[in-house]
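The values are calculated or read from the model by the stated rules, or taken from the named source; none is laboratory data. Because the structure is predicted, anything quoted here is derived from the model rather than measured. When we count neighbours, we look across all protein chains shown, and the Cβ atoms used for this are built from the backbone with ideal geometry, even at glycine. In case anyone asks, the SASA skips ligands and DNA or RNA and just uses the protein heavy atoms, side chains included. Shrake-Rupley method; radii C 1.70, N 1.55, O 1.52, S 1.80 Å.
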Amino acid sequence: MSYQHIRVERDGAVGLIVLDRPQALNALNSALLEELNRALDAFEHDREIGCVLLSGSDKAFAAGADIREMVGLHFPDSYLEEFFAGVDRVAARRKPVIAAVAGYALGGGFELALACDFIIAADNARFALPEITLGVLPGGGGTQRLARLVGRAKAMEMTLTGRQFDAAEAERCGVVARVVPLAELQATALDTARQIAARSRTAVLMIKECIQRCDESSLAEGLRFERRLFHAAFATADQKEGMGAFLEKRPAQFQR
Ligand code: CAA
């Protein structure tokens with residue numbers, strides 16, 4: 001498959017996608033989002049792949065939705081074509097997707113990172129939802145996902161001012177899972193993705209499904225859902241292997 005705006009590689013069981021529109025600081029146009037989802041579709045159907053790592057450049061993960069593409073957009077087209085729904089498709093993936101964020105993650109770029117399962121950030125990362133400064137609002141899930149992570153007061157302040165905040169603040173308020181020096185970002189994120197990809201695929205997907213459920217259900221319903229999948233895990237060979245390997249003091253070999 002050929003791509004114009006992204007680079008797609010693989011490292012063993014890890015699928016690597018790099019946003020690659022340097023002339024526009026990886027601004028997300030429709031073509032890029034389409035390519036990104038095509039690459040994710042391929043990894044989703046690839047039995048060898050256990051985890052996907054999405055990154056940008058050292059200067060920008062992505063500086064937002066493409067303002068050049070949006071400036072002339074009118075309501076009927078954006079509505080009929082469900083403009084920017086590509087981000088929802090990223091969030092709906094079953095396999096884990098990690099965002100490795102260096103530099104700018106602004107607007108739609110930040111929303112894309114939030115649609116991934118977790119963010120590992122470099123110490124030079126800058127986050128913002130600056131849509132308010134452009135006379136619009138976040139359209140890639142920003143108001144919803146940010147508010148769930150940081151709470152109402154901070155989400156209001158961040159989206160109504162559009163201010164940038166750094167990696168340390170992002171870590172403090174729960175936006176990112178880890179912050180590492182820029183020089184260590186790719187290695188740390190890849191190592192994390194490799195660890196996940198080496199685990200039981202069934203258990204990994206079940207955990208992701210349970211945590212996704214948090215946003216959609218009551219605690220009681222979520223607990224019931226988790227318990228049922230926990231019981232179902234005892235029907236897998238990976239459970240026998242994982243627990244057997246622990247007792248035999250050897251590394252587990254999970255099914256592929
Ligand atoms: N869309 C289109 N082009 C963009 C872009 C964007 N979001 N962000 C940067 N670029 C382009 C610039 O136009 C510039 O192109 P030219 O060289 O052809 O002029 C190139 O990338 C480099 O950018 P700068 O010269 O501005 O670089 P800088 O280092 O001086 O500044 C920046 C970097 C602070 C990130 C600045 O580029 C910036 O503020 N970008 C826009 C950020 C923004 O507002 N993002 C939100 C977009 S709206 C959105 O995302 C809506 C949504 O929710 C769906």
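A few remarks follow.
- Any helices (runs of 4 or more DSSP H) falling wholly within the stretch 117-179 and containing at least 1 residues that are touching a helix residue (DSSP H, G or I) at 6+ places or on another chain (Cβ under 8 Å) and open to solvent by less than 60 Å² (accessible area, probe 1.4 Å): 142-150, 152-161
- Qualifying residue in the stretch 43-60 (condition: in a helix (DSSP H, G or I) and crowded, with 17+ Cβ neighbours inside 10 Å): yes
- Scanning the stretch 63-76 for residues that are part of a helix (DSSP H, G or I) and farther than 23 Å from TYR104 by Cβ yields PHE75, PRO76.
- ASP238 surrounded by 12 or more Cβ atoms within 10 Å (Cβ to Cβ) and at negative phi: yes
- Pair list, Cβ < 9 Å and 6+ apart or interchain, from the stretch 176-189 residues that are charged (D, E, K, R) to residues that are not in a helix (DSSP H, G or I): ARG178/PHE118; ARG178/ILE119; ARG178/ILE120; ARG178/ALA121; GLU184/ALA122
- Residues that are open to solvent by 50 Å² or more (accessible area, probe 1.4 Å) and either under 18 Å from GLY135 (Cα atoms) or in a strand (DSSP E or B) (or both), drawn from the stretch 77-115: TYR79, PHE83, TYR104
- Flag if VAL18 is out of contact with any Asp or Glu (no Cβ under 8 Å at 6 or more places or on another chain) and more than 13 Å from the ligand (Cβ to nearest atom): no
- Residue match in the stretch 201-210 (condition: among the basic types (Lys, Arg) and open to solvent by less than 30 Å² (accessible area, probe 1.4 Å)): yes
- The residue that is farthest from ILE98 (Cα to Cα), among those in the stretch 21-37 that are open to solvent by 10 Å² or more (accessible area, probe 1.4 Å) and not aliphatic (A, V, I, L, M), is GLN23.
- The set of residues in the stretch 195-229 being closer than 18 Å to ALA13 by Cα and within 16 Å of the chain's Cα centre (by Cα) consists of ILE196, ALA197, VAL204, LEU205, LYS208.
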